[in-house]
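Below: the structure, in structure tokens.
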Amino acid sequence: DSWSQNKILAMGAIYRANSGLQFLNSCLECIHRGGTDVAFSRSLYILISHNIELILDALFFLKSTESDRVKLIEATKTGHNLKSLSDKLLNMGVLNSIGIGKVELRNNGDFNEYVILMTNGDFVVVQDLIEVRYDFKYDQLRDSDPNESERMGKEVEVLINVAKKIMKMLI
């Protein structure tokens, strides 16, 4: 009862992100253990993008000076644009607190993707949530990647560590 709307929203977002990332980690360890599989990969890319958005939302909720629930939620509505949301956090001076240096939008043929540059030099490449959901509308297919599950597994581990940083901030 004593928690602010900021903490309540942040907790909801980050615990959903963490459970989603743990699910992805299990999928990559037990099911998807090789190269590109169009249908399975699309599902994983959708989940990765969604969970990163939740991570950024959680940090925004936690660090925002706004305390009105409706205004907080409205401020995170960016049309699933991770660059726009991360720029808000960068302008607030809080993005680095979770180990993210910046998020860049990169065009890869018909598809947009986000490159999340970590402060330690690691990076995570994320497909645009809307485009990966509706990729049948585009003329281009994603490149095949024989090491896809290994790469995705490393990226998910990076994101789990980011989620843990935010969970610690809630204490």
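In the stretch 6-57, how many are over 16 Å from the mean Cα position of the chain (by Cα) and among the aromatic types (Phe, Trp, Tyr)?
1
I need the full set of residues from the stretch 124-146 which are within 13 Å of the chain's Cα centre (by Cα) and either part of a helix (DSSP H, G or I) or modelled with pLDDT under 95 (or both), in order please.
Those that are within 13 Å of the chain's Cα centre (by Cα) and either part of a helix (DSSP H, G or I) or modelled with pLDDT under 95 (or both): Val125, Val126, Gln127, Asp128, Leu129.
Of the residues in the stretch 105-127, how many are in contact with a helix residue (DSSP H, G or I) (Cβ under 7 Å, 6 or more places away or on another chain) and not β-branched (Val, Ile, Thr)?
Residues in the stretch 105-127 being in contact with a helix residue (DSSP H, G or I) (Cβ under 7 Å, 6 or more places away or on another chain) and not β-branched (Val, Ile, Thr): 7 in total.
So which of Ser97, Ser84, Ser149 is open to solvent by 10 Å² or more (accessible area, probe 1.4 Å), small (Gly, Ala, Ser), in a helix (DSSP H, G or I) and under 23 Å from Leu28 (Cα atoms)?
Ser149
Would you check which residues across the stretch 100-116 are open to solvent by 30 Å² or more (accessible area, probe 1.4 Å) and touching an Asp or Glu at 6+ places or on another chain (Cβ under 7 Å) and list them?
Result: Arg106, Asp110, Asn112.
For Ser49, which of the numbered conditions (1) without any contact (Cβ under 8 Å) to a residue 40 or more places away in the chain; (2) in contact with a Phe, Trp or Tyr (Cβ under 9 Å, 6 or more places away or on another chain) fails to hold?
(1)
Conditions: (1) surrounded by fewer than 20 Cβ atoms within 10 Å (Cβ to Cβ); (2) more than 22 Å from Asn25 (Cβ to Cβ); (3) of a type in the set (A, V, I, L, M); (4) without any contact (Cβ under 8 Å) to a residue 60 or more places away in the chain. Ile73 meets all but one. Number of the miss?
Only one criterion in (1) surrounded by fewer than 20 Cβ atoms within 10 Å (Cβ to Cβ); (2) more than 22 Å from Asn25 (Cβ to Cβ); (3) of a type in the set (A, V, I, L, M); (4) without any contact (Cβ under 8 Å) to a residue 60 or more places away in the chain is unmet by Ile73, namely (4).
Out of curiosity, is Gly93 of a type outside the set (S, T, N, Q) and on the phi > 0 side of the Ramachandran plot?
yes
Conditions tested, residue by residue: (1) hydroxyl-bearing (Ser, Thr, Tyr); (2) touching a Cys at 6+ places or on another chain (Cβ under 7 Å); (3) more than 18 Å from Ala17 (Cα to Cα).
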position	(1), (2), (3)
Thr119	yes, no, yes
Val124	no, no, no
Val132	no, no, yes
Glu148	no, no, yes
Lys154	no, no, no
Ile160	no, no, no
Lys164	no, no, no
Lys168	no, no, no
Ile171	no, no, no
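Scan the stretch 14-26 for residues that are of a type outside the set (Phe, Trp, Tyr) and open to solvent by 10 Å² or more (accessible area, probe 1.4 Å) and report the count.
7
How about the stretch 46-63: which of its residues are crowded, with 23+ Cβ neighbours inside 10 Å and over 16 Å from Asn81 (Cβ atoms)?
Listed by number, the residues that qualify are Ala58, Phe61.
Tally up the residues in the stretch 43-73 that are of a type in the set (S, T, N, Q) and assigned to a loop (DSSP other than H, G, I, E, B), please.
3
Return yes or no: is Phe40 at pLDDT below 95, aromatic (Phe, Trp, Tyr) and either surrounded by 15 or more Cβ atoms within 10 Å (Cβ to Cβ) or assigned to a helix (DSSP H, G or I) (or both)?
yes
The values are calculated or read from the model by the stated rules, or taken from the named source; none is laboratory data. Computed from a prediction, not measured in an experiment: that's the story for all the values here. For neighbour counting, all protein chains shown are included, and Cβ atoms are generated from backbone atoms with ideal geometry for every residue, glycine included. Each accessible area value is taken on the protein alone, full model and side chains, heavy atoms only, with ligands, DNA and RNA left out. Shrake-Rupley method; radii C 1.70, N 1.55, O 1.52, S 1.80 Å.
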